Structures are given as structure tokens and as C-alpha cells.
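Worksheet: one structure, shown below.
The values are calculated or read from the model by the stated rules, or taken from the named source; none is laboratory data. Only a predicted model underlies this, so the values are computations on that prediction, with no experimental measurement involved. We place every Cβ from the backbone using ideal geometry, glycine too, and count neighbours over all the protein chains shown. Keep in mind that these areas ignore ligands, DNA and RNA; they rest on the heavy atoms of the full protein, side chains included. Shrake-Rupley method; radii C 1.70, N 1.55, O 1.52, S 1.80 Å.
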Amino acid sequence: MRLAIRIVQTLIALLVLALLVGGWWYVPGELKRQPVLTGSSEDASVRQGERRRSYVLYVPQKVAERPALLVVLHSSQSNGEHMRSDSGYRFDALADRDGFLVLYPDGFEGHWNDCRRAASYSARRLNIDDVGFLSGMIERLQRERGVNPAQVFVTGYSNGGQMALRMAAEAPDKVAGIAAVAASLPSADNDACRSAGQPKAALLMNGTRDPINPYAGGRVTLFGFGDRGNVLSAEDSALALAQRNGQGGEPSVDRLTQPGPVWTQRQRWAANGGPPVELVTVFGGGHLLSQSLYRPPRMLGRGDPQLDAPAEIWRFFSDLSPNELVR
């Protein structure tokens with residue numbers, strides 16, 4: 001009997017050890033190396049109604065005379081500072097090079113109140129005015145930092161990408177363009193937003209093997225938990241945005257990285273002179289922002305080792321000509 005008990009105890013201990021080792025390998029992310037940055041980050045907060053909202057502002061050492069502003073929105077259960085590391089600090093490094101400001105705001109209790117009607121997190125249940133919060137921050141930085149109103153861009157990852165789509169829909173006068181990573185437009189039955197229908201430059205970046213936001217469309221869950229409702233496919237989302245912008249016809253297609261287990265292609269709708277729309281497809285890619293400095297949790301899938309996603313997003317924004325920003 002004692003031998004049997006010891007065997008059972010040993011098996012349980014081995015199982016626990018295996019789970020711990022598996023969790024250590026599968027779940028955490030890792031910053032591979034600390035980047036060399038020349039600017040400074042400022043942690044602060046502002047009052048919005050009865051609440052204080054926090055943010056991080058990255059200011060490069062050499063700021064342009066009328067700097068652009070890039071607003072970077074984090075994923076679910078995260079915050080602005082974590083988004084800096086999740087992106088490998090690449091947006092900060094690009095700001096050092098080109099002299100723009102980077103704003104990393106914090107969502108409410110780790111989430112953004114995006115357009116998805118089915119979402120159940122507190123930002124959605126309490127109907128937090130994140131459009132008002134972000135619009136107020138943009139206006140404040142225009143007043144205090146001389147930000148060029150014609151060069152305000154919003155990008156986001158996952159829940160943050162959904163929030164970027166909401167800003168384009170409901171506050172198009174505040175932003176010149178948006179980029180949504182690992183996010184797609186909500187289906188009609190899941191869309192709680194009132195879109196102004198204004199043409200707006202937009203980039204979508206999605207992996208074909210995303211385990212959370214399905215590339216082919218359908219139900220969004222966190223590995224089977226936390227139902228976020230249905231979304232359109234990545235391609236249907238891009239087509240809907242292109243049609244809103246008056247961009248018909250076939251897109252141009254460019255290969256961004258060499259074919260391999262994970263590789264990237266870009267489709268671009270820009271033939272009719274209005275704001276362009278791009279779909280960057282990471283074939284074999286998961287639910288993440290590909291870059292080389294940060295290894296995301298393995299449970300989110302694979303990234304393209306050749307793709308610098310933050311640089312591709314900033315390329316899209318910085319290449320916009322004045323006549324492409326509005327129509």
C-alpha cells in the first residue's frame with residue numbers, strides 16, 4: 001500500500017512539474033534584448049469625468065517642429081507600458097529616427113470599449129467613453145506639444161486594434177489613418193458602433209493561423225473563453241474598408257518577405273485617389289505583432305521572422321500624401 005501511495009505521489013509530482021515546465025515554455029513572452037533609445041518616456045494621468053486615466057508618452061530626443069502623433073493601443077488585459085515591450089520598443093526607435101511622438105494610453109481595467117457588442121469586460125459593460133478619452137488626449141497633445149492635426153495616427157493590437165477601428169468609425173475627424181493588428185471588423189449583428197462612413201486610410205495586419213481572431217472570420221474567443229462575438233474575415237474587412245473609401249477593383253499585390261513556414265504578403269487598394277487600404281497577410285502567422293526584439297507567448301502562434309510589423313505600419317502612415325488623407 002505504501003509503495004502504491006509513493007508511486008501515485010511521484011506521478012502527481014511529475015505531472016505538476018510537467019505542467020510548470022510546459023507553462024513556462026508556452027505562456028510567457030520574452031524581451032530578447034533591451035533596445036538603445038535616445039528619447040525619454042513620461043508616465044502621467046488625466047481626469048476623465050470621475051476617473052483618472054493613465055498613459056505613457058514617448059518623446060524622442062529630437063522632436064520635429066510640428067511632430068506627428070502615433071497612438072498605440074494595447075491588447076486585452078494589458079496596458080501602455082506592456083505594449084511598449086510587446087512591440088519590442090520598435091515604435092519608440094522609429095520615433096527616435098523620425099521625430100514623432102508616441103502615446104501609449106491605458107485602457108479601463110485592461111480593456112478598450114471597442115465596437116463588439118458581445119464583449120463582456122468592464123470597459124464594455126460600463127460603456128466607458130474611450131473615444132472621448134483618446135480624442136481628448138489627441139487634442140491635449142496638439143495644444144501642449146504642437147502635434148500636427150493632419151498627422152495623427154492610431155494603431156492597435158487585438159482589442160487595441162478593434163479600438164483603432166472604432167476611432168476611424170466614430171472619430172474620423174481626429175485621426176488621419178489607422179492600423180489594426182490581429183483584429184477584424186465586427187459582423188453586422190456584433191457591431192455596436194455608429195460609423196460616420198467617412199473615408200479613412202486603413203491597414204489591417206492578420207495571421208492566417210490566428211487562434212483568437214480567425215482570419216476566415218467567425219467567433220472570437222480567448223482559447224474558448226470570453227466570447228467576443230463574430231467578426232468578418234480579414235479579406236472581407238479590407239474590402240469593406242476599401243469600398244467605404246471608394247476603392248474598387250483588384251488590389252495590387254506585393255510579397256513583403258520570402259516564402260517559408262511563415263511569410264507575408266500585402267494587398268493594396270489605392271487606384272482611385274482616395275485614402276488607401278492595405279491588408280497585410282502573415283501566412284502561417286498567429287495572433288501577434290511580428291518583430292525581432294520581443295518573443296511573444298508561444299500559445300499565440302508564430303510570427304514572421306523577416307517582418308518588422310511596427311516599421312511596416314509606420315511606413316504606411318508616413319507615406320500618406322495630403323490628398324490621400326481625406327477625400
### Query
Put +1 on the Cβ of every Lys and Arg and -1 on every Asp and Glu Cβ in the chain; which of GLY207, GLN34, ALA196 then has its Cα farthest towards the positive end of the dipole?
GLN34
### Summary
What helix-only [θ] at 222 nm does the chain give? Using -39500 (n - 2.57) per DSSP H run of at least 4, over all residues, to the nearest 500, the answer is -9000 deg cm²/dmol
### Query
Using alpha carbon centroids, what distance separates the range 252-327 and the range 118-139, in Å?
27 Å
### Message
On alpha carbon coordinates alone, what is the Rg over Rh value for the range 231-282, Rh being the Kirkwood radius?
### Response
1.02
### Query
Just how many % of Cα pairs in the range 83-239 lie over 22 Å apart, if you round to the nearest whole percent?
40 percent
### Query
Dipole magnitude of the chain about its Cα centre, charges +1 at Lys/Arg Cβ and -1 at Asp/Glu Cβ only, in debye to the nearest 20?
680 debye
### Task
With all protein chains present, calculate the accessible area of VAL175 using a 1.4 Å probe and round the result to the nearest 10 Å².
10 Å²
### Query
Under 5 Å between amide H atoms, partner at least 5 residues away or on a different chain: which partners does LEU73 have, H built in plane at 1.01 Å?
THR155, GLY156, TYR157
### Query
Which angle from 0 to 90°, rounded to the nearest 10, does the C-alpha axis of helix 2-26 make with the longest principal axis of the chain?
10 degrees
### Task
Would you mind checking the tilt of helix 159-170 against the longest principal axis of the Cα atoms of the chain, expressed as 0 to 90 degrees and rounded to 10?
20 degrees
### Query
Can you work out ³J(HN,Hα) from phi for every residue in the range 30-45, in order, using Karplus 6.51 cos²θ - 1.76 cosθ + 1.60 and θ = phi - 60°, giving whole Hz and x for Gly and Pro?
8, 7, 5, 7, 7, x, 9, 10, 9, x, 9, 10, 10, 9, 7, 8
### Query
What whole-number value in Å² describes the accessible area per residue of the chain for a 1.4 Å probe?
46 Å²
### Message
Using +1 at the C-beta of Lys and Arg and -1 at the C-beta of Asp and Glu, which of LEU69, PHE153, HIS287 has the Cα lying farthest in the positive direction of the dipole of the chain?
### Response
HIS287
### Query
Relative to the Cα centre, what is the charge dipole magnitude of the range 204-327, using +1 at the beta carbon of each Lys and Arg, -1 at the beta carbon of each Asp and Glu, and rounding to the nearest 20 debye?
280 debye
### Message
What are the ³J(HN,Hα) couplings of the range 203-216, residue after residue, when phi is run through the Karplus curve with 6.51, -1.76, 1.60 and θ = phi - 60°? Round to Hz, x for glycine and proline.
### Response
10, 10, 10, 9, x, 6, 10, 5, x, 10, 9, x, 4, 7
### Message
Can you tell me which lysines have their Cα less than 27 Å from the Cα of LYS32? Leave out same-chain residues fewer than eight positions away.
### Response
LYS62
### Query
Ranked highest first by the average count of other Cβ atoms within 10 Å around their residues, in what order do 180-189, 162-171 fall?
162-171, 180-189
### Query
Can you run phi through the Karplus equation (6.51, -1.76, 1.60; θ = phi - 60°) for the range 244-256 and list ³J(HN,Hα) in whole Hz, with x for Gly and Pro?
4, 8, x, 9, x, x, 7, x, 6, 10, 10, 8, 8
### Query
Exactly which GluC sites (Glu not before Pro) in the range 61-111 are in a DSSP loop and have at most 10 other Cβ atoms within 10 Å?
GLU65
### Task
Putting +1 on Lys and Arg Cβ atoms and -1 on Asp and Glu Cβ atoms, find which of THR264, TRP314, GLY246 reaches farthest to the positive end of the dipole of the range 244-327.
THR264
### Query
Among (i) 61, 50, 41; (ii) 71, 57, 43; (iii) 81, 44, 41, which is the computed Cα extents along the principal axes in Å?
(iii)
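Looking at the range 151-206, what % of the alpha carbon pairs are farther apart than 13 Å? Could you put the intermediate results ahead of the total?
Numbers: 819 of 1540 pairs.
Everything past 13 Å amounts to 53 percent.
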#### Entry: 0 to 90° range, to nearest 10: angle between helix 130-145 axis and the chain longest Cα axis
60 degrees
